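Here the structure is laid out as structure tokens; the discussion comes afterwards.
The values are calculated or read from the model by the stated rules, or taken from the named source; none is laboratory data. Being a predicted model, the structure only gives us computed values, none of them experimental. Using ideal geometry, Cβ is built from the backbone for each residue, glycine included, and neighbour counts are taken over all protein chains shown.
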Amino acid sequence: MADLVPSLDRAFRDLDPLARLRALRASVDGRIVLTTSFGLEDQYLTYLVFDNDLAIDVVTLDTGRLFPQTYTVWAETEARYNRRIRPYYPDATALEELVARQGIDGFYDSVEARKACCGLRKVEPLKRALSGASAWVTGLRADASQARADAVFVARDETHAVLKANPLLDWSRDRVERAAHESGVPVNALHAQGFPSIGCAPCTRAVKPGEDERAGRWWWEQDGKKECGLHVTADGTIVPHAPSSDGERPWSV
């Protein structure tokens, strides 16, 4: 599997997102998983998978604290494509213990408490979602935040022992938005209300003019590398992450 990484990463640079997904499917044996949080990027990738009948599983991590609008677009997406999106939920016993220990909104108290909540509600279910998979497809975009600026198209994710692919890495948000609109993709109503990035309801607010796309996520924290843990190593580095030696990206948004 590791031998595929350099060739696929290079190949992705000259392909559009659909061709990237097809190249990934043709190159990788075994199960491929696309995780969706029903935001714009994931919705467009879901459309590409379902509309082209690609053999890629689409799954979601239902934390139990999602916005009502997210559940609405989930239902709209299943109806639009006549396909089911498989949910993965937090372990019930572990969740009960966490809430009993830190309170229902204890994640506001400290970064450690918030990461514990994300770990239980997102990171652990992701491990189950990717169990036995060969590759993982995400909607990461390099220009979404400074922390994601040095991500690469394809790399080995050692944490989950999968090949990780980012087919929209070099696309701007405007470009994804145009493509989604042209394709009739169901879109989360929160995007029109100032929410470019959507996570759990108590942990996401609308962004202010001029703010980073992800400024509305865990806005009460001061750390600039605000991630839930799905895409990062212990030190907050995005996976996959491989900046070129001269600091320049091998592509442009």
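Tally the residues that are in contact with a Cys (Cβ under 9 Å, 6 or more places away or on another chain) and within 15 Å of ILE198 (Cβ to Cβ), restricting the search to segment 71-120.
Counting residues in segment 71-120 that are in contact with a Cys (Cβ under 9 Å, 6 or more places away or on another chain) and within 15 Å of ILE198 (Cβ to Cβ) gives 1.
Got a number for residues in segment 87-113 being in contact (Cβ under 8 Å) with a residue 40 or more places away in the chain and either under 17 Å from the mean Cα position of the chain (by Cα) or closer than 30 Å to THR46 by Cα (or both)?
Qualifying residue count for the region: 1.
Considering only residues that are of a type in the set (S, T, N, Q) and either in contact (Cβ under 8 Å) with a residue 60 or more places away in the chain or not in a helix (DSSP H, G or I) (or both), which ones fall in segment 167-203?
Hits for segment 167-203 are SER172, SER183, ASN188, SER197.
Where in segment 1-73 are there helices (runs of 4 or more DSSP H), lying wholly inside it, with at least 1 residues that are closer than 21 Å to ALA161 by Cα and in contact (Cβ under 8 Å) with a residue 40 or more places away in the chain?
4-12, 17-27
Looking only at segment 175-193, count every residue that is of a type outside the set (A, V, I, L, M, F, W, C) and either crowded, with 19+ Cβ neighbours inside 10 Å or modelled with pLDDT under 95 (or both) and tell me the total.
The qualifying residues number 3.
Here's a check for you: in segment 91-137, which residue that is surrounded by fewer than 19 Cβ atoms within 10 Å (Cβ to Cβ) and among the basic types (Lys, Arg) is farthest from THR36 (Cα to Cα)?
ARG101
Kindly indicate whether any position in segment 14-36 is modelled with pLDDT of 95 or more, polar (S, T, N, Q) and buried (at least 21 other Cβ atoms within 10 Å of the Cβ).
Yes, segment 14-36 has at least one match.
Mind checking which residues of segment 141-154 are touching an Asp or Glu at 6+ places or on another chain (Cβ under 8 Å), buried (at least 17 other Cβ atoms within 10 Å of the Cβ) and among the aliphatic types (A, V, I, L, M)?
Once the filter is applied, which keeps residues that are touching an Asp or Glu at 6+ places or on another chain (Cβ under 8 Å), buried (at least 17 other Cβ atoms within 10 Å of the Cβ) and among the aliphatic types (A, V, I, L, M), segment 141-154 yields ALA142, ALA144, ALA147, VAL152, VAL154.
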